[in-house]
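Quick notes on the structure that follows.
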Amino acid sequence: MITTSIEQHALAQTSELETAVANVERGLAGLADSLRERDARAVEVQANELHRALAAAVQRFMHAARHGGVPEPMRRRLARASAQVASQRETLARATAALDRAIDVLMPDSAPGNALYGARGLPDSPLRGGSISA
C-alpha cells in the first residue's frame, strides 16, 4: 500500500505522541509506586523523570497542534495523565500538610506564648530558671 508524504508525516507524528504519552504514563506509575513505598529518594528521582516526560510531551503536542492537529485519542490520554498529575499533586499537598501539623504538635515553636516544658513539667524558659545552652 502506497502512502503519501502527508500520511507518513501523520503516522510519524502519532507515533511520537504515543511515545510521549507512554513516557508520561510510565512516570506517573513510577511516582505512584515510590509514594506508596514511602521512598523519598525514589520519589525525587521519579518526580524528576516525570517532569522531563511532561515537558517533552507538551513540546510534542504543541508541535503536533501547529502541524496538522492532535488525534482525539491522544488528547484524551494526555487529559487522563494530566488528571493523574493533579491527583498526585493534591495527595502530596495533603501529606505535606499532615506532616507539618504533626511536626507542629511534636515540636512547638519557642515563642514566648508557647514555652517548652522541662523535665519536671514546668515551662523551661530563661525567665523561669531554665538553662540556656549555645
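The values are calculated or read from the model by the stated rules, or taken from the named source; none is laboratory data. Computed from a predicted model, the values in this text were never measured in an experiment. Cβ: placed from backbone, ideal geometry, glycine included. Neighbour counts: every protein chain shown.
Within region 58-66, identify whether any single residue is more than 19 Å from THR14 (Cβ to Cβ) and β-branched (Val, Ile, Thr), and answer yes or no.
No: region 58-66 contains no residue that is more than 19 Å from THR14 (Cβ to Cβ) and β-branched (Val, Ile, Thr).
Given the criteria at pLDDT 90 or above and assigned to a helix (DSSP H, G or I), does ALA93 qualify?
Values: at pLDDT 90 or above: no; assigned to a helix (DSSP H, G or I): yes.
Taking the combined requirement at face value, the residue does not satisfy it.
Out of ALA40, ALA22, ALA53, report the one residue that is buried (at least 16 other Cβ atoms within 10 Å of the Cβ), at pLDDT 85 or above and of a type outside the set (Val, Ile, Thr).
None of the other options fit; the residue is ALA53.
Restricting attention to region 65-90, which residues are assigned to a helix (DSSP H, G or I), among the hydrophobic types (A, V, I, L, M, F, W, C) and surrounded by 15 or more Cβ atoms within 10 Å (Cβ to Cβ)?
Correct list: MET74, LEU78, ALA81, VAL85.
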